[in-house]
Amino acid sequence: MMEVKIEKSWKERLADEFEKPYFKELVQFVKEEYKNKVVYPKPASIFRAFDLCPFDRVKVVILGQDPYHGPKQANGLCFAVNKGIALPPSLVNIYKELGSDVGKKTAKARSARSAGSGQAGDLERWARQGVLLLNATLTVEAGKAGSHQRKGWEEFTDAVIKKLSEEREGLVFILWGNYAKQKGASVDFLKHEIITSAHPSPLSAHNGFFGSRPFSRANEYLEAQGKGLIEW
């Protein structure tokens, strides 16, 4: 089997995927990109979303599109940034909705508003509770949004979504914006809860993201399934 440094349960579930021609070509492409250009996130963080959230512990899937392409932003979790990095506008809006939805401001959200940077942006605590923060594309060239699209990552992450849809039950898929809705269109809605809304980007957040209550709705469903709630 092709050697891929990813958490054990995912490695077992995706073993066939790693042997497919497209994935081998993708690996070679990514290796060359890291060798010759500045690429984000750092190599050890490419599969961080999987490493923090093993297959059998996934409760919620949030789908993003691309890693951030600015310096020190991308950390392997969609919508998240490294600690100490100013929060991108979409993440600011995510925290705004979280505050109004859950009815209280978490310490993380307070930190985000007051410091405008610091501790809040990483989202690791979500991932460790079972939130798979999955970008469709897992790498990007610095300063060039979408530069690693259509190189094989989307096929790989489609396979991830398919595995979760087929082999798990009672998951919550949170799909923000049209891209995520299309990406998640294959999810079996009879087995899982699908929460959709506009994207949290400032361009669209007021067109259906604000007031969509994804966090409390996810927990309501998890509670009905007899699963532990996410402490957002």
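The values are calculated or read from the model by the stated rules, or taken from the named source; none is laboratory data. On a predicted model such as this, the values are computed, not experimentally measured, just so you know. Here the Cβ is made from the backbone with ideal geometry for all residues, glycine too, and neighbour counts use every protein chain on show. These area figures cover heavy atoms from the full protein model, side chains too; ligands, DNA and RNA do not enter into them. Shrake-Rupley method; radii C 1.70, N 1.55, O 1.52, S 1.80 Å.
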- Can you tell which of Asn219, Asn178, Asn135, Asn207 is free of Cβ contacts under 8 Å to residues at least 40 places away in the same chain, buried (at least 21 other Cβ atoms within 10 Å of the Cβ) and out of contact with any Phe, Trp or Tyr (no Cβ under 7 Å at 6 or more places or on another chain)? Asn219
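May I ask you to list the residues in the stretch 41-67 that are among the hydrophobic types (A, V, I, L, M, F, W, C), in a helix (DSSP H, G or I) and closer than 25 Å to Glu193 by Cβ?
Going through the stretch 41-67, the residues among the hydrophobic types (A, V, I, L, M, F, W, C) turn out to be 44, 46-47, 49-50, 52-53, 55, 58, 60-63.
After this cut, where a residue has to be in a helix (DSSP H, G or I) as well, the list is 44, 49-50, 52, 55.
Residues satisfying the conditions are Ala49, Phe50, Leu52, Phe55.
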- Note on the structure: Exactly one of Glu33, Glu25, Glu17 is touching a strand residue (DSSP E or B) at 6+ places or on another chain (Cβ under 6 Å), open to solvent by 10 Å² or more (accessible area, probe 1.4 Å) and under 21 Å from Glu155 (Cβ atoms), and that residue is Glu33
- Query: List, please: which pairs have Cβ atoms under 8 Å, are six or more places apart or on different chains, and start with a residue in the stretch 85-105 that is among the hydroxyl-bearing types (Ser, Thr, Tyr) and end with one that is assigned to a helix (DSSP H, G or I) and open to solvent by 30 Å² or more (accessible area, probe 1.4 Å)?
  - Reply: Tyr95/Lys108; Tyr95/Arg113
- Task: Scan (1) at pLDDT 95 or above; (2) among the aliphatic types (A, V, I, L, M); (3) surrounded by fewer than 22 Cβ atoms within 10 Å (Cβ to Cβ) for the single condition Leu77 breaks and write down its number.
- Result: (3)
- Item | Condition broken by Ser186, with the remaining ones in (1) free of Cβ contacts under 8 Å to residues at least 24 places away in the same chain; (2) open to solvent by 70 Å² or more (accessible area, probe 1.4 Å) satisfied | (1)
- Query: When you look at Gly143, is it over 28 Å from Gly228 (Cα atoms) and either out of contact with any His (no Cβ under 9 Å at 6 or more places or on another chain) or modelled with pLDDT under 95 (or both), yes or no?
  - Reply: no
- Which of the residues belonging to the stretch 1-37 are part of a loop (DSSP other than H, G, I, E, B), at pLDDT 95 or above and within 22 Å of the chain's Cα centre (by Cα)? Ile6, Glu7, Leu14
- Query: List pairs: first in the stretch 191-203 and open to solvent by less than 60 Å² (accessible area, probe 1.4 Å), second in a loop (DSSP other than H, G, I, E, B) and among the charged types (D, E, K, R), Cβ under 6 Å, 6+ apart or cross-chain?
  - Reply: Lys191/Glu169
